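Worksheet: one structure, shown below.
The values are calculated or read from the model by the stated rules, or taken from the named source; none is laboratory data. Here the structure is a predicted model, which is why all the values come from computation and not from measurement. Methodologically, a virtual Cβ is constructed for each residue, glycine included, from the backbone with ideal geometry; neighbour enumeration extends over all protein chains shown. Surface accessibility is based on the protein's heavy atoms, side chains included, excluding ligands, DNA and RNA. Shrake-Rupley method; radii C 1.70, N 1.55, O 1.52, S 1.80 Å.
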Amino acid sequence: MEKSAVWKALSTPELLDNIFSRLSRRDNTRNALVCRNWADPARDHVWRVVETPCQLFKNLAPIQCPSKSVHSGAHNISRIPTQADWRKFRPLALRVRAVQVTAYSDTRCRGSLSTILSDIAVSRPHDGILPNLRYVDLVGTSLPHGYVTLFLSSNLTSLSSCIPGDSADYGLSDFLEDLSMTAPNLQTLSLVASRNRGNRVTTWQTALGNVATLLPHLTNLKLPLYFLTTTVLEALSESRLSSLEFSETRNNMDNAGDVRDVLTLTPELKANAFSSLRRLSICGSLPDIGSMMSTENFPVNSITDLVVRTVLAESESSVRAFIAFLAERCTSLSCLYFLLMPSNQSLNDTAEPSIVWVDDEEQEPLTMDTLRPLSGMRQLQRFSILHTHPLEVDDDDVHSLVQNLLNLRRLVLNPTPRVRSRSPRLTLLSLIHIANHCPRIHSIALYADAATPLITYPTLIHTPLPKVYLQLGASPLTNITRTEVAKFLSRVLRPGVVLKTTISVFYDIPFPTTNPAWTWITERLPLLLEVRQEERLLQKVRQEEFELQIQTQTQGEQDTQDDNDNGDSEGSPSR
């Protein structure tokens with residue numbers, strides 16, 4: 001009976017789908033061989049996401065895959081697929097929901113994909129090679145756009161692709177026209193550009209302005225950093241986009257465009273501009289961005305997520321004024337991210353970076369007065385700010401900042417400043433304030449002083465932080481103080497914490513160099529946390545035993561007193 005119940009449970013399609021979704025591709029390959037009931041659900045998960053197309057197309061026709069070749073022609077299809085091959089391949093093709101060929105995919109497969117697709121295209125079926133495809137990411141390939149269209153279908157909802165090169169034969173306008181015809185239901189479009197290929201936004205402003213018209217179901221548009229210009233903003237303001245974000249390609253730092261295109265933003269917005277906009281990522285100067293958002297036609301109260309990257313050194317007063325404006329006007333804002341220092345792209349820019357960025361030492365640091373308006377944004381859940389100088393804030397300032405932000409989940413307070421000539425005023429004691437006031441916090445990044453021996457860390461902490469991602473690696477720390485710091489972290493954290501190299505949402509900022517003292521702590525902290533957790537549990541058991549003992553003793557004394565009272569009552573003479 002019990003065996004029958006277990007077998008019935010493990011034969012339920014919904015339960016199997018839930019289980020297989022948590023397993024690796026290799027595990028599900030084995031699960032497909034267990035029995036007939038498991039075969040189809042397991043295969044669905046094996047082929048749901050394809051990162052190496054050559055492995056998929058081997059099931060269509062034989063493909064030669066030399067084991068050590070890295071040349072572009074390493075993978076070759078042995079013959080043109082026949083209609084019989086396509087019929088046999090179709091059940092497998094219907095399982096594929098995503099094709100994601102990134103920079104992490106097999107180099108030989110990425111380089112030879114166009115060779116394989118050129119032969120496949122000859123005999124492909126009329127409804128496409130992968131009819132149920134929903135998501136395509138081909139940014140990691142050098143695939144010509146003629147081959148990208150082979151993956152398009154009416155079921156496709158998300159596409160990430162490079163912008164076609166500056167060619168008279170096939171440009172961005174042609175590519176968008178193809179999308180409107182073959183993928184009309186597209187909802188998310190991410191475009192990646194490279195200045196090395198001549199892709200400056202001025203070349204494509206007209207095409208980008210028409211993208212929402214060509215793709216009426218589009219809600220999320222992702223563009224390179226410097227592509228959201230005055231002209232593009234004006235054109236897209238009449239669309240029903242809910243999200244305008246930055247496209248990302250972590251292994252290509254050239255995805256930006258030209259900073260000169262966004263040095264001035266002065267869009268003239270009509271009534272009901274950006275009527276559906278909720279998430280906005282934008283590059284420009286803070287006065288220009290603030291001026292645009294303060295116009296009566298901009299839906300400032302509807303913005304929930306805002307990412308701002310400045311293109312020049314901003315004064316402390318302009319940052320303070322912008323944050324005060326957001327605190328007053330953006331009543332729905334829950335996520336706010338600032339990048340107020342030059343990125344890797346800015347430092348390597350050929351557009352005379354000295355014109356827009358002052359020397360690091362000349363940039364004004366930010367103080368608590370700059371951030372104070374944030375304490376009134378009670379709906380804020382995620383906040384990140386990156387700046388050239390360490391923030392001029394201390395532990396009391398952090399306490400003042402977070403005591404009203406009960407919903408805060410991510411807090412990034414400039415963990416990797418470029419200028420580190422003096423010790424930060426902030427210390428690790430600020431983690432106690434965050435633990436006391438932010439019960440939902442899951443990511444913290446700080447630049448704090450962990451090198452001063454005179455800091456006294458408390459031995460008793462009543463409210464440790466939950467399981468969090470923690471970035472402290474750029475904070476000053478010495479071999480002298482590392483032991484005390486490790487002990488304190490074991491008291492203020494819980495098991496499961498992960499010390500991260502970076503928690504920033506900006507992929508193109510410099511990563512901090514690894515401090516050997518922090519490496520020492522990272523290696524030992526998990527064990528310390530487990531020991532500390534056992535101490536807490538033991539202390540809790542002892543406390544419960546003590547309270548039970550006191551309760552029993554009190555109850556015994558009360559019973560004795562009641563007995564004495566009853567005895568006195570019985571022995572007393574009646575009137």
Failed criterion for LEU60 (all others in (1) part of a helix (DSSP H, G or I); (2) touching an Asp or Glu at 6+ places or on another chain (Cβ under 6 Å) hold): (1)
Tabulated pairs, the stretch 308-320, first within 26 Å of ARG279 (Cβ to Cβ) and modelled with pLDDT of 95 or more, second buried (at least 22 other Cβ atoms within 10 Å of the Cβ) and not hydrophobic (A, V, I, L, M, F, W, C), C-beta under 6 angstrom, 6+ apart or interchain: VAL319/THR370; ARG320/THR370
Candidate set from the stretch 262-283 (those that are closer than 12 Å to THR310 by Cβ and in contact (Cβ under 8 Å) with a residue 40 or more places away in the chain); member that is farthest from the chain's Cα centre (by Cα): LEU263
Of all residues making up the stretch 238-247, the number that are in contact with a Leu (Cβ under 7 Å, 6 or more places away or on another chain), assigned to a loop (DSSP other than H, G, I, E, B) and without any contact (Cβ under 8 Å) to a residue 60 or more places away in the chain: 2
Residue, surrounded by the most Cβ atoms within 10 Å (Cβ to Cβ), within the stretch 321-370, restricted to residues that are among the β-branched types (Val, Ile, Thr) and at pLDDT below 90: VAL356
The lone exception for SER11 - which of (1) open to solvent by less than 70 Å² (accessible area, probe 1.4 Å); (2) more than 19 Å from ALA98 (Cβ to Cβ); (3) in a helix (DSSP H, G or I) it fails: (3)
The stretch 396-435, subset of a type in the set (Lys, Arg) and more than 21 Å from the chain's Cα centre (by Cα), residue surrounded by the fewest Cβ atoms within 10 Å (Cβ to Cβ): ARG422
Checklist (1) at pLDDT 90 or above; (2) touching a strand residue (DSSP E or B) at 6+ places or on another chain (Cβ under 6 Å); (3) not aromatic (Phe, Trp, Tyr) applied to VAL505, failing item: (1)
Complete set of residues in the stretch 14-37 that are open to solvent by 40 Å² or more (accessible area, probe 1.4 Å), in contact (Cβ under 8 Å) with a residue 24 or more places away in the chain and in a helix (DSSP H, G or I): ASP17, ASN37
